[in-house]
1. Pairs needed: first member in the stretch 58-83, closer than 10 Å to residue 45 by Cβ and among the small types (Gly, Ala, Ser); second member anywhere, at pLDDT below 95 and surrounded by 24 or more Cβ atoms within 10 Å (Cβ to Cβ); C-beta distance under 8 Å; at least 6 residues apart or different chains.
2. For residue 165, indicate whether it is farther than 25 Å from residue 72 by Cα and in a loop (DSSP other than H, G, I, E, B).
3. Of the residues 68, 103, 64, which is more than 24 Å from residue 124 (Cα to Cα), among the small types (Gly, Ala, Ser) and buried (at least 24 other Cβ atoms within 10 Å of the Cβ)?
4. Kindly provide the set of residues from the stretch 99-123 that are within 30 Å of residue 6 (Cβ to Cβ), in contact with a Lys or Arg (Cβ under 7 Å, 6 or more places away or on another chain) and not in a helix (DSSP H, G or I), ordered by number.
5. What is the number of the single condition among (1) in contact with a helix residue (DSSP H, G or I) (Cβ under 7 Å, 6 or more places away or on another chain); (2) without any contact (Cβ under 8 Å) to a residue 12 or more places away in the chain; (3) in a helix (DSSP H, G or I) that residue 93 does not meet?
6. When the residues of the stretch 112-127 are filtered to those that are within 15 Å of the chain's Cα centre (by Cα) and of a type in the set (Gly, Ala, Ser), which remaining residue is surrounded by the most Cβ atoms within 10 Å (Cβ to Cβ)?
Amino acid sequence: MFHNIPDAILERMRELEQLHMDQKRTDMPAFERLRQVPPITGRFLAMAALASPEGAVVEIGTSGGYSGLWLSLACRAKGRTLTTFEVSEQKVELARETFRTAGVDDLVTVVEGDAREALPDQKDIGFCFLDAEKNLYEECYEAVVPKMVKGGILIADNLISHAGDLATFLDRAESDTRVDSMVVPVGSGLLLSLRT
């Protein structure tokens, strides 16, 4: 999977990495900037999605589509598709451009809107990546976990970098008997939850 990433995907990843760095150097409000995972987290997500059981692949928080590109590698390898949710119209447009120019728009559906509204209709989630506003994590988690298949994987980002903001969420995940959870020190810290 990592040894034959198409050039179009690699090129778009590099463009988004540069755009992300350029935006961090400006006074642009944080909520408007691209907030994307580092490459090591992207690789971890792709491997986890590849190892996940049969079921839907879902992402909550698309941003510019960077993590979606990593997930598309696993989707291509497993014959699946990714549904990714984003509330920002500007980021939706950028993500759609990302997936089109990278040649994976056949694998990825970008949904503009609040994932919490669509999740009740979702079924049989095999993999979910959660990287949205931190105050929404617990609500999204509660919507996703009941929809996950046995062995399904949920990964949430920023559990170390935003430990204070996400302490209640982490307590909930670690005490939830429906899943086995742990924090993995990759990137900004990932919650890894496995549906039991």
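1. Partner pairs satisfying both residue conditions: 67/36.
2. Answer is yes for this residue.
3. 64
4. Matches in the stretch 99-123: 102, 107, 110, 122.
5. The single condition residue 93 does not satisfy is (1).
6. Top of the filtered list is 115.
Condition check ((1) within 20 Å of residue 186 (Cβ to Cβ); (2) of a type in the set (D, E, K, R); (3) touching a His at 6+ places or on another chain (Cβ under 7 Å)) across all residues:
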position: 9; (1), (2), (3): no, no, no
position: 27; (1), (2), (3): no, yes, no
position: 38; (1), (2), (3): yes, no, no
position: 63; (1), (2), (3): yes, no, no
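Here's the yes/no breakdown for (1) among the hydroxyl-bearing types (Ser, Thr, Tyr); (2) over 11 Å from the mean Cα position of the chain (by Cα); (3) within 23 Å of residue 114 (Cβ to Cβ):
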| site | (1), (2), (3) |
| --- | --- |
| 2 | no, yes, no |
| 42 | no, no, no |
| 54 | no, yes, no |
| 63 | yes, no, yes |
| 77 | no, yes, no |
| 96 | no, yes, yes |
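The values are calculated or read from the model by the stated rules, or taken from the named source; none is laboratory data. If you're wondering where the values come from, they're calculated on a predicted model, not measured in any experiment. So basically every Cβ, Gly included, is an ideal-geometry build from the backbone, and we count neighbours across all protein chains shown.
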